[in-house]
1. I'd like to know if segment 115-123 contains one or more residues that are in contact (Cβ under 8 Å) with a residue 40 or more places away in the chain, within 22 Å of R85 (Cβ to Cβ) and of a type outside the set (F, W, Y).
2. Taking segment 53-87 as the search range and keeping residues that are of a type in the set (D, E, K, R), farther than 28 Å from V113 by Cβ and assigned to a helix (DSSP H, G or I), which one is modelled with the highest pLDDT?
3. For segment 18-29, give me each residue that is free of Cβ contacts under 8 Å to residues at least 12 places away in the same chain and basic (K, R).
4. Looking only at segment 116-128, decide whether some residue is exposed (fewer than 11 other Cβ atoms within 10 Å of the Cβ) and either within 12 Å of F73 (Cβ to Cβ) or within 18 Å of the chain's Cα centre (by Cα) (or both).
5. Answer yes or no: is there a residue in segment 135-143 that is of a type in the set (K, R) and more than 31 Å from the chain's Cα centre (by Cα).
6. Output the residues belonging to segment 71-91 that are touching a residue at least 24 places away in the same chain (Cβ under 8 Å), surrounded by 11 or more Cβ atoms within 10 Å (Cβ to Cβ) and over 16 Å from N126 (Cβ atoms).
Amino acid sequence: MGSKERRLSYSVAFKIKVMNYAEKHGNRAADRCFGSPPTEKMIREWRKQRKDLIKADKSKKTLCSCVPKWPKFEKNIKNWIIDHRKNGIAVSTKMILIEARRIATGMPITDFVGTTLWCERFIRRNGLCMRTETTIAQTLPREYERKIIEFHKYVINMRKKLF
């Protein structure tokens with residue numbers, strides 16, 4: 001069996017740098033200049049994506065737009081989650097999926113499956129997280145210092161009695 005080659009990924013900034021060089025000197029020259037991994041074919045593909053690459057975040061490596069298929073549908077679900085959280089109700093992924101399926105049946109969406117993978121992507125797309133905010137914190141007793149001192153005195157007295 002052959003060894004698996006690891007796929008390389010390049011940042012958008014690097015792709016633009018290679019493209020600019022390729023426009024001045026050609027794809028083959030860019031291939032030779034920047035090494036063997038960015039092949040001539042890759043450079044051709046990047047040049048086809050030029051407009052999208054220029055618009056993209058320069059620190060990212062892919063052109064994943066993360067554009068929702070049904071923006072109005074996802075907006076309704078996001079509003080539902082925000083409303084529940086404002087009311088102090090914790091929302092789980094299972095609850096999101098159930099609500100999403102319910103909303104999808106009410107809208108003219110026929111091909112919505114509602115998988116956990118969709119839910120994870122939805123959460124990431126909308127900048128949500130599954131942590132819940134705690135509203136009740138423990139408070140110390142009013143006279144905790146006095147009670148601690150009394151406890152220490154009690155322990156010391158008990159030790160004196162034993163020894």
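1. yes
2. K86
3. Scanning segment 18-29 gives a single hit, K24.
4. Yes, segment 116-128 has at least one match.
5. Checked segment 135-143: at least one residue is of a type in the set (K, R) and more than 31 Å from the chain's Cα centre (by Cα).
6. Selection gives A90 alone.
The values are calculated or read from the model by the stated rules, or taken from the named source; none is laboratory data. Since we're looking at a predicted model, the values are computed, not measured. Glycine also receives a Cβ, built like all others from the backbone with ideal geometry; neighbour counts cover every protein chain displayed.
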